[in-house]
1. Tell me which residues, restricted to segment A:115-144, are within 11 Å of chain B (Cβ to nearest Cβ), of a type in the set (S, T, N, Q) and within 23 Å of residue A:87 (Cα to Cα).
2. Checking the conditions here, which among B:420, B:403, B:399 is over 20 Å from residue B:441 (Cα atoms), assigned by TED's automatic domain parsing to the domain that holds residue B:343 and of a type in the set (A, V, I, L, M, F, W, C)?
3. So if I check each of A:286, A:279, A:239, which one is over 15 Å from residue A:374 (Cα atoms) and among the small types (Gly, Ala, Ser)?
4. Residue pairs, Cβ under 9 Å, 6 or more apart or interchain, first in segment B:424-442 and closer than 14 Å to residue B:197 by Cβ and free of Cβ contacts under 8 Å to residues at least 60 places away in the same chain, second of a type in the set (S, T, N, Q) and assigned to a loop (DSSP other than H, G, I, E, B). List them.
5. Within segment A:389-413, restricting attention to residues that are more than 21 Å from residue A:226 (Cβ to Cβ) and not in a loop (DSSP other than H, G, I, E, B), which residue is nearest to the other protein chains (Cβ to nearest Cβ)?
6. Quick test of your reading of the structure: residue A:366 fulfils all but one of (1) crowded, with 17+ Cβ neighbours inside 10 Å; (2) out of contact with any strand residue (DSSP E or B) (no Cβ under 9 Å at 6 or more places or on another chain); (3) in the same structural domain as residue A:342 (by TED's automatic domain parsing); (4) not in a helix (DSSP H, G or I). Name the failing condition by number.
7. Taking segment B:367-418, which residues are more than 25 Å from residue B:262 (Cα to Cα) and either crowded, with 24+ Cβ neighbours inside 10 Å or in contact with a strand residue (DSSP E or B) (Cβ under 9 Å, 6 or more places away or on another chain) (or both)?
8. Name the single residue, out of those in segment A:414-446 being out of contact with any helix residue (DSSP H, G or I) (no Cβ under 8 Å at 6 or more places or on another chain) and more than 14 Å from chain B (Cβ to nearest Cβ), that is surrounded by the most Cβ atoms within 10 Å (Cβ to Cβ).
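The values are calculated or read from the model by the stated rules, or taken from the named source; none is laboratory data. Keep in mind that what you see is a predicted model, and the values were worked out from it rather than measured. Backbone-built Cβ (ideal geometry, glycine too); neighbour counts: all protein chains shown.
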Amino acid sequence: MKVGLEIHQQLDTREKLFCACPTRPATGKPDYEFRRVLRATKSELGVVDPAAQFEEVRRRVYVYQGFRDHTCLVEMDEEPPHELNMEALEIGLMCAMLLGARPVDEVVVMRKTVIDGSNTSGFQRTALIALGGGIKLGDKTIGISTLCLEEDAARLVSSDASTGVVTYRLDRLGVPLIEISTKPDITTPEEAGAAAYEIGRILRRLRRVKRGLGTIRQDINVSVEGGARIEVKGVQELSLISKVVSFEAKRQEGLLRLREELRRRVPAVVVSDPVDLTSEFEATQSNTIKQGLKSGGGVFGVRVEGFSGYFKFEVAPGKRFGSELADYARQIAGVGGLIHSDELPAYGVTQEEVDAVKRKLGCSDVDGFVLVVAERTRAERALSVVAKRCAQAIDGVVEETRAAQPDGTTRFLRPMPGSARMYPETDVPYVRVTSETLSRLKSAIPPPLEELESRLVSLKVSSELAKQAVESEWLNVLETMLAEAPEAAQLLCSVLTQDVRELSREGVGVDELPDHVVLELLRGAVRKGLLRDQVKQALRLVATSSRSVGEALEEISSTTISLGELDAIIESVIDSNKQLISARGAEAFKPLMGDVMKLVRGRAPGSIVSQRLAQKLRERTERVSAQG
Amino acid sequence: MCVLGESRLEGYHGLAYRKLVEAGVNVGDTVEVSFGDESFVGRLMPRVESDDDSVVTIKLPNGYNIGLSVVDASVRLVSPAGGLHQQPPVEEAVGFGAGEYVALISTGGTIASRVEYETGAVRPALRASDLMSLVPELEGISRLKTQVLMSILSEDMKPAYWERIARAVYSELEAGAAGVVVAHGTDTMGYTAAALSFALRGVDRPIVLVGSQRSSDRPSSDAYTNLLCAVKFAKESFRPGVYVCMHASTSDPTCAVIPGVKVRKMHTSRRDAFKAVNTRPVAFVDRDKLVFLDESSKGYVVGGGVVFKPGFSDKAALIEYYPGFSLDILNWLAEKGYLGVVLAGTGLGHVSSELVDGIARLRRSGFLIYMTSQCLYGRVNMNVYTTGRRLLAAGVVPLGDMLPETAYVKLSWALANYPLEEVDGVMRSNLVGELSARSVYSGEWT
């Protein structure tokens, strides 16, 4: 098995890659909408890219939603791009140096044709900024082939197959991404996961990457021996990588097994022309078919010679060849699905109807058939796709782009784009990368995370927590706060690792809080001397209500008490019980605890109170004995 | 057509040029650029003249272009380019019956240019027939007879070219085209539209100028819709006159058809940059329908036939007034032999009162001076303020709601086709809709 990764990470820059719009996502309703169509353009040699052609055939209309504060004419493809964002380029070059890649001497921005509507222009702007380098996984090196800087695509809002209208939001379009492509040096699913993790760690070291779901996306190239290169797009979670790789490998192996079986049975897969079978289903009791006919469609079918039994062939766990076929028909022709002979009689289709279809299509015992219920042109398009894919089954794996599903399986997305899709972006000047720039950037690379980890340990953070803290997505916030309040290291680490994790597990949207809000909250909390639990409550309040940070902190500290206040209560109780303490020493703890808890009136957890009281008591008795 | 231009090392100079010549390499060849132990193989790409002279651009096998400094590198030819920049031959259709077809005249500009995929350079060299292959739907609308009249950038347009275009359009109409579509760069398309309006006054069929704001190499180009709508209007509207047909809004697929003397490019880059000023579009067009805003004018035929006067003078000028404007500028024009000037004055049609006496002197010497407004929207009225009245007394001729650019084109045309003493009269009269008597309210201002 050969696996290569393409990691796409959003950069946390002030502006987008080719305009001055901010890179933060928009919230609320869009301010305006407009409609466009895209066309596949021919290259100079008259070649249309297959992936582009595929989209054009689908005849989509794209609706774009814009936001005054987040998108401008550049995202609308109504104004040429501005110059390349130097902040993004510098982050990219620092990343290149960390990976040991060789930066190019001059950056040339290219246009990569993409006409699924996710880019208003019909292309994605991308620039190769460095080549080579690698990452270490134990003793093994996984080579890096390229580092590219590119603009993120628009966010898909909805897609209506029946009208062909696809809606996108433009706020994300143009956000800088760094794309790191590894060589196909990865040979196991586990290694794929480990490599992605390591690259993520290197990216986080730069402290200039965005956090949260969707800010890092992995594409995976997988091919097995005898298979073909399959690109799986859009893996958003690290944990899914090894799953996707192993599913995709199994699927390819399955297709190869199917190929061998088919080759034993037939020299080539022959598929008949589509036949109108509507009259065979005039009195059908099948709800699926009845519904399709009611909405003006017909039943159409093809005979697939020698294919009986192969539609239900399991190409991968839970994935039959028939459901693969349905994916193609859905994606390309926009039909709801299809029915194949291996699953009939079922869905209310009777044996009599099956026999009638077989008669009309002229099926022999080894032949299979596929039915589509739809309006004629759509059905015929779907069946021609089915015919093509069945015929290709005898070749094994078809090179294509697939989409990762949340369960780790993959689905056909579109044909693999060819090399005709890339040409220069003439509106953006080249950017020279000089050795002076590189040496300046080299000295600006933040220290490795290990350094931060040991600093945390030196600030009395447990080594376990320190390890977690440097993995935190809130690294920037943590570091800013550490610079301001190193004494609060323990609190900050706990809150920014365990507490935010727990909160987001509870469904509290802390991840969506902007850095500056969390910073403001932590600053206030440290100043007020709040307890960890109070900070967590304040975070919850800010994330789930409309309260400002100030209001939340106020509310929390009025219903709870700060560490300072708690200490003051403890001090006063100790002061008024001096005799008791000197008489009973450490045994005075129990009665004192009762007194303190009465005064605290539930505004602080007992565990904290007892911990503080024990400490104060110890201090006091030590001081007394020292004085004595 | 030679796509790469004259040089086989286009855009290279200085150090990079010398190293490439030494290596015997041409643009398009596969080369190896080596730096000691590392090397890069790719196809040599042309560069822009002003770029850093120590860098070569190569296209890697993955399609990306990168720049490499050759200061410390050696360059070696790996393999020469093979048959790359060849254009397939295009067969032009022959044998057209009168009224059956639309003539498509290409003059250059973004709509008539195409990107060279190898280099990304946009070149104004597209055959008009290639436009047809860009928009196959055209076949369902009309047969097309195409010609490349010229291939120039919009900003290089000049009065002499207006005449050439006018003659080409005229002969296509004589030959029996149902209508003529002129593909043009957008920057000066409004000027050419006005020029054709005057040169072909009384024309009985549609002449439609069309351009694009996004080059046709990109999937999002407005060229497709604009061209489709322009041809549709030329073939199906039966509406005589000269028009500009461009996107009506930022959305596809509707175009606005705007009178050629009342149209102006009002935005540097938007698709809907062209606006009807002091009027409204005559129609909206899309692939399926043609909607006239004024039903009564549909099929309107001008009597008396076309008055073909294609000449334009280069002795007219257009000057925008600004605070601090010096009379020297107008004096210089007169000294240099210019016969007249259109001023784009402030507001209702003013220039500084300090200029009045000098302007009066110029007028007395026979130099023609016309007043339009830099506000563009609305009409000049020089009776409201003292300065206006004094300018009128000094002999400045107010041009109502005529656009400054239209007035300039009209002056250039009038100077070439009428005796000097008749020019004021020509300028004052409404010949092709450039002057309207009424200012119609067009709704809320945005």
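1. Here is the first cut: in segment A:115-144, the ones within 11 Å of chain B (Cβ to nearest Cβ) are A:115-117, A:119-123, A:126-132.
Then drop every residue that is not of a type in the set (S, T, N, Q), which leaves A:119-121, A:126.
Within segment A:115-144, A:119, A:126 meet the criteria.
2. Numbers: B:403 fails: over 20 Å from residue B:441 (Cα atoms); B:399 fails: over 20 Å from residue B:441 (Cα atoms).
Of the residues listed, the single one that is over 20 Å from residue B:441 (Cα atoms), assigned by TED's automatic domain parsing to the domain that holds residue B:343 and of a type in the set (A, V, I, L, M, F, W, C) is B:420.
3. The unique qualifying residue is A:239.
4. Listed pairs, sorted by first residue: B:430/B:436; B:435/B:429.
5. Let us first name the residues in segment A:389-413 that are more than 21 Å from residue A:226 (Cβ to Cβ), namely A:403-409, A:411, A:413.
Keeping just the survivors that are not in a loop (DSSP other than H, G, I, E, B) gives A:403-404, A:411, A:413.
Numbers: A:403: 21, A:404: 23, A:411: 24, A:413: 18 Å.
Going through the qualifying residues, I end up with A:413.
6. (1)
7. Answer for segment B:367-418, where residues must be more than 25 Å from residue B:262 (Cα to Cα) and either crowded, with 24+ Cβ neighbours inside 10 Å or in contact with a strand residue (DSSP E or B) (Cβ under 9 Å, 6 or more places away or on another chain) (or both): B:367, B:385, B:387, B:391, B:394, B:395.
8. From segment A:414-446, those out of contact with any helix residue (DSSP H, G or I) (no Cβ under 8 Å at 6 or more places or on another chain) are A:419-420, A:422-430, A:432, A:434-436, A:439-440, A:443; that's our starting set.
If we keep only those that are more than 14 Å from chain B (Cβ to nearest Cβ) too, we end up with A:439-440, A:443.
Working: A:439: 10, A:440: 12, A:443: 6.
So the residue we want is A:440.
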